[in-house]
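The values are calculated or read from the model by the stated rules, or taken from the named source; none is laboratory data. None of the values given here were measured: they were computed from a predicted structure. When we count neighbours, we look across all protein chains shown, and the Cβ atoms used for this are built from the backbone with ideal geometry, even at glycine. Protein only, heavy atoms only, side chains kept; ligands, DNA and RNA dropped before computing areas. Shrake-Rupley method; radii C 1.70, N 1.55, O 1.52, S 1.80 Å.
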Amino acid sequence: MMNTAKPGKIDNDMDQAGIASARLSENAEHDLLANEDILELLNILLEAERAGARAVQVLSKQTGDAVTGKTLQEIAVDEGRFCVMLNQHINRLGGRPSKKTGDFFEKLMALEQFDDKLDLLDRGQSWVVRKIRGALARIGDEKLHADLLDMLKVHEINIKSAASLRKADW
């Protein structure tokens, strides 16, 4: 795989969210994340989802295959839906939603080969899954917990969908 982004840079950028998901309030019961840590995590996920939605939308138009395009469009819709959900929770919890788009979009677009873009998409989706899994047990808000669990499950499905696109190209 030929990645024109700096080696290890995407993983380092993405792991910055680990700071938010790993930092616990000293007075939190049962290791629940403090509201400020939840808001930080949600904003990092929001920036990543916004970048993912934009990237997958562009990818869906770059493919000449109708099935691949449709699958990528469906993933883009999911990414957009989660942007809305994350915005709503950030607002509900008293935060301010970030307006930034994560670096993922530029990194994906910098790649020349479509399969390399799909590989990076897979890594990005997997990163989201890891971050949500790492935080779920520490989210006490039932509605947010349910929505993040849904987001995790959909990302797992989308990882399989994107993997099937690569297999179809072989």
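When LYS131, LYS70 are checked against the criterion of being buried (at least 16 other Cβ atoms within 10 Å of the Cβ) and touching a Ser or Thr at 6+ places or on another chain (Cβ under 9 Å), a single residue qualifies: LYS131.
Let me confirm something: among LEU93, LEU59, which residue is over 23 Å from ASP116 (Cα atoms) and either at pLDDT 95 or above or surrounded by 15 or more Cβ atoms within 10 Å (Cβ to Cβ) (or both)? Only one candidate qualifies: LEU93. Of all residues in segment 33-52, which are open to solvent by 10 Å² or more (accessible area, probe 1.4 Å) and out of contact with any Cys (no Cβ under 6 Å at 6 or more places or on another chain)? Passing the criteria: LEU33, ALA34, ASN35, GLU36, ILE38, LEU39, GLU40, ASN43, ILE44, GLU47, ALA48. Summed over segment 75-90, residues that are surrounded by 16 or more Cβ atoms within 10 Å (Cβ to Cβ) and farther than 16 Å from LEU148 by Cα total 2.
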